[in-house]
Amino acid sequence: MFTIALTADLHYGARHTAGQHATYELLQDLLANPPDLLILAGDIGAGDDFERCLSIFDRLDCRKALTPGNHDIWVRLGDERGDSMKVYREHLPRLAENHGFHYLDAAPLVLLERRLAVVGSINWYDYSWGRDKLPAHAEDWEDRLRTKRFTRGRHNDANYVRWNTDDAGFTREVVGTFETHLNQALRHVPSALAVTHHPSFRGLNYPKRDPIGLDGLLWESFSGNMSLEKVLEANAARIPFAFCGHTHFAREARLGSLRGVNIGGDYHFKRLVRLEWPTGILRTAQFGDA
């Protein structure tokens with residue numbers, strides 16, 4: 001049996017004291033029952049907390065892999081690491097390598113001996129999950145998308161993601177890279193797990209009130225994209241599981257034969273999902289008070 005442990009949204013840092021304690025509890029569980037592979041599905045830690053978080057797993061003797069989240073590429077004005085794109089392409093991969101983590105956005109992790117691959121991506125949003133319905137809710141919908149402005153407040157990506165591209169352009173890049181990596185991996189093994197930070201299909205996104213209002217549609221717009229969903233649909237027969245984080249809501253959903261799992265950790269509590277391969281048995285543990 002091959003055990004894969006997955007967690008997301010550790011949001012490591014002194015600002016989140018309860019969450020930091022929960023992360024240490026999660027680490028102790030991993031040390032007591034080491035998996036064969038640990039995967040972090042993004043929002044590991046903003047700024048210097050990204051490396052601080054990776055360092056706590058140095059004692060864990062197993063394979064490790066990660067994909068970053070949107071918080072992990074936040075930058076300050078004049079950030080010495082560069083803009084968000086440089087952080088994503090250069091800074092985070094270097095830190096991951098220094099701490100023994102495979103950076104999934106750069107290459108798939110192919111486990112030939114297990115006839116399995118892990119294909120990962122930060123994933124991103126191009127507004128395609130909400131754009132068609134927004135005009136009926138607000139005349140200024142285009143400006144709200146551009147500025148990431150809700151009826152109250154703004155999405156923090158508007159304040160801290162800084163680069164010379166736009167959301168649609170970055171989405172095309174990461175989805176194209178994911179599809180390339182998936183095709184590469186499936187030439188060598190029969191099955192692949194998908195691991196993303198932003199939800200890879202809508203069934204894993206935030207729970208919704210009915211009818212969905214303006215802010216709900218904006219969150220839909222800023223949460224994922226139809227392009228990756230189509231890639232998964234086209235390859236669902238060879239992707240038994242898709243895991244994600246980002247929303248802080250634990251959810252499960254199906255996309256054809258593919259089983260989707262949103263890990264569902266939050267700032268003040270953490271969740272760990274263990275997958276036994278090839279049986280497909282899932283076990284979930286929670287650390288801290290939800």
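For the condition under 20 Å from the mean Cα position of the chain (by Cα) and part of a loop (DSSP other than H, G, I, E, B), what is the one hit in G47, G82? Exactly one of G47, G82 is under 20 Å from the mean Cα position of the chain (by Cα) and part of a loop (DSSP other than H, G, I, E, B), namely G47. Listed by first and then second residue, the pairs with beta-carbon distance under 9 Å, at least 6 apart or on different chains, first residue in segment 17-36 and closer than 14 Å to Y267 by Cα, second assigned to a helix (DSSP H, G or I), are T23/C53; T23/I56; Y24/I56.
Please verify whether R162 is part of a helix (DSSP H, G or I), within 26 Å of L214 (Cα to Cα) and in contact (Cβ under 8 Å) with a residue 12 or more places away in the chain, treating the condition exactly as stated. Spell out the reasoning first.
Working: part of a helix (DSSP H, G or I): no; within 26 Å of L214 (Cα to Cα): yes; in contact (Cβ under 8 Å) with a residue 12 or more places away in the chain: yes.
No; evaluated as a whole, the condition is false for this residue.
Do we have any residue at all in segment 12-33 that's surrounded by fewer than 19 Cβ atoms within 10 Å (Cβ to Cβ), modelled with pLDDT of 95 or more and either assigned to a loop (DSSP other than H, G, I, E, B) or basic (K, R) (or both)? Yes, there is a match, as at least one residue in segment 12-33 is surrounded by fewer than 19 Cβ atoms within 10 Å (Cβ to Cβ), modelled with pLDDT of 95 or more and either assigned to a loop (DSSP other than H, G, I, E, B) or basic (K, R) (or both).
In segment 109-157, which residues are under 30 Å from R238 (Cβ atoms) and of a type in the set (F, W, Y)? If the condition is that a residue be under 30 Å from R238 (Cβ atoms) and of a type in the set (F, W, Y), then W124, Y125, Y127, W129 are the ones that fit. If G203 passes every condition in (1) within 21 Å of H248 (Cβ to Cβ); (2) touching a Phe, Trp or Tyr at 6+ places or on another chain (Cβ under 8 Å) but one, which one does it miss? Just one mismatch for G203, condition (2).
Among the residues making up segment 72-87, those that are closer than 19 Å to A158 by Cβ and loosely packed, with under 15 Cβ neighbours inside 10 Å are R76, L77, G78.
The values are calculated or read from the model by the stated rules, or taken from the named source; none is laboratory data. Every value quoted in this text rests on a predicted model; they were computed, and no experiment measured them. Glycine also receives a Cβ, built like all others from the backbone with ideal geometry; neighbour counts cover every protein chain displayed.
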